[in-house]
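First up is the structure itself, then whatever we jot down about it.
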Amino acid sequence: MFPGMFRDVEHEKFYSDMLSRFYRQDVYHRALFYTLGLTRETRTHVQDLFDFSNDSIRPKGLKAS
């Protein structure tokens, strides 16, 4: 990727993993997975925050944080 683009190695790995497992790689999904990958907490709870089967954000997951 781009030097200095990611916060740490875990952030970069999460971003790459999410894009490789998800069929859509448009700007929306790239920005979403980049943002969700910034902290350990959001990386850990990505299933609570994003519904992969419906391709949508889970509002209840946002309230839980």
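When Rg and Dmax are taken over the Cα atoms of the chain, they come to 11.5, 35 Å. Based on C-alpha pairs under 8 angstrom that are at least 6 apart in sequence, segment 9-59 has a relative contact order of 28 percent. Ranking Ser16, Leu62, Phe33 by Cα position along the charge dipole of the chain, where only Lys, Arg, Asp and Glu carry charges on their C-beta atoms, puts Leu62 farthest toward the positive end.
Calculated from DSSP H runs of 4 or more alone, at -39500 (n - 2.57) each and per residue, what is the 222 nm mean residue ellipticity of the chain, nearest 500?
Calculated mean residue ellipticity at 222 nm is -15500 deg cm²/dmol.
Think of each Lys and Arg Cβ as +1 and each Asp and Glu Cβ as -1; about the Cα centre, that makes the dipole of segment 9-59 roughly 60 debye. Site pair Val9 and Asp26 shows an inter-label distance of 3.5 nm when each label is modelled 7 Å from Cα along Cα→Cβ. Highest mean packing comes first when the peptides 14-21, 56-63, 26-33 are listed by Cβ atoms within 10 Å, giving 14-21, 26-33, 56-63.
Every read-out reported here was derived from the displayed coordinates using simple, explicitly stated rules and does not represent laboratory data. Since this is a predicted model, take the numbers as computed values, not measurements. Neighbour counts are summed over all protein chains in view; Cβ atoms, including those assigned to glycine, are modelled from backbone coordinates with ideal geometry.
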